Amino acid sequence: MVMIVFAAEAKGKSVNLPDAGNEGWRAAGKNLVKKHLHQKKLLIALKDRPVKTDEILQFALGLELGTYMFDKYQPEPQEMLEQVVLLCNNPQNLKELYKPYAALANVVRYARDIVNEPAEKYDDHEVFCEIKRLTYLGLEHNLRRDGFGEMSWTGEKIARPLFYYAEGRFACAVGAAVLKALALQKQPRRVKIFMTLAKKNLGVNDLLAEEPIYKIEEKGGEEDIERCVFRLYDEILYGVEHEKR
């Protein structure tokens with residue numbers, strides 16, 4: 001994982017901050033870092049540019065997401081970028097503000113790793129063991145008699161709970177990643193996700209008749225993982241309208 005460092009001064013070869021254009025600052029960060037993946041250290045000048053704080057933070061998030069590479073089973077790990085230094089006028093403030101963005105970069109990588117593991121090396125049992133390890137963050141995990149796993153985050157006991165259903169490796173990875181983000185940030189939310197890696201062919205509300213339950217999108221590919229993680233995170237945190245399945 002690349003290390004993002006906000007600094008007022010640094011030595012080394014630097015590149016200028018690109019224009020985001022219509023693609024957005026996160027995408028600009030990903031595109032820039034992919035051009036410099038094989039450098040040891042990358043300096044990017046943010047000083048004296050009229051860029052908003054949120055744009056800088058989205059750009060830094062894109063830098064982290066753009067360095068992802070699943071090379072676990074390659075005989076020789078590839079050399080890649082180890083550190084990105086963003087030269088800015090107020091590094092302390094940005095460093096503190098970046099913490100929730102860093103947590104999101106962490107969980108997107110987490111979900112990508114689970115989905116990218118080959119089935120012959122990482123079967124369903126390994127997937128659920130990996131998800132269950134998240135209990136060290138304060139998440140709760142239970143295995144139901146009907147074969148469903150329940151993973152939940154209770155950041156605020158009086159908050160109205162939200163219930164989700166994840167079927168298949170992709171959806172389970174996305175759900176677990178978002179729960180990990182909520183736990184890392186200690187968000188005041190209550191969320192429970194029913195997880196199964198098998199096709200159950202049942203109405204999702206059969207799991208919980210008294211409350212609406214929402215199905216996590218089942219897509220594929222690294223870009224879909226990022227999109228689905230951020231969409232679900234926004235739904236839970238900011239109350240974006242749910243699409244009931």
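Among the listed pairs LYS35/LYS72; LYS30/LYS72; LYS99/LYS192; LYS72/LYS180; LYS35/LYS219; LYS34/LYS157, give every one whose C-alpha distance is greater than 32 Å.
The answer is LYS34/LYS157.
Hey, what do the phi angles of segment 233-238 turn into as Karplus ³J(HN,Hα) couplings, whole Hz, using 6.51/-1.76/1.60 and θ = phi - 60°, x for Gly and Pro?
Karplus values, whole Hz, x for Gly and Pro: 4, 5, 4, 6, 7, 10.
Report, by chain and number, residues whose modeled amide H sits under 5 Å from the one on LYS215, excluding near sequence neighbours (fewer than 5 apart, same chain).
TYR165, ARG245
Give me the net charge for the shell around GLU156: Cβ to Cβ below 9 angstrom, other residues only, Lys and Arg +1, Asp and Glu -1.
Details: positive: LYS157, ARG189, ARG190; negative: none.
It works out to a net charge of +3.
Could you tally the net charge around ALA119, taking each other residue with its Cβ under 12 Å from the Cβ of ALA119, Lys/Arg +1 and Asp/Glu -1? Present the calculation step by step, with values, prior to reporting the outcome.
Numbers: positive: LYS121, ARG169; negative: GLU117, GLU120, ASP123, ASP124, GLU126.
Net charge in that neighbourhood comes out at -3.
Non-local amide H neighbours of LEU162 (under 5 Å, H modeled in plane, Pro and chain starts lacking H): which ones?
ARG190, VAL191, LYS192
Please turn the phi angles of segment 108-115 into ³J(HN,Hα) values with the Karplus equation 6.51 cos²θ - 1.76 cosθ + 1.60 (θ = phi - 60°), one per residue in order, whole Hz, x for glycine and proline.
5, 4, 4, 5, 4, 4, 5, 5
Read-outs: derived from the displayed coordinates by stated rules, not from any lab. As the structure is a prediction and not an experimental result, all values here were calculated from the model. Positions of Cβ are generated from backbone atoms using ideal geometry, with glycine treated the same way; all protein chains shown enter the neighbour counts.
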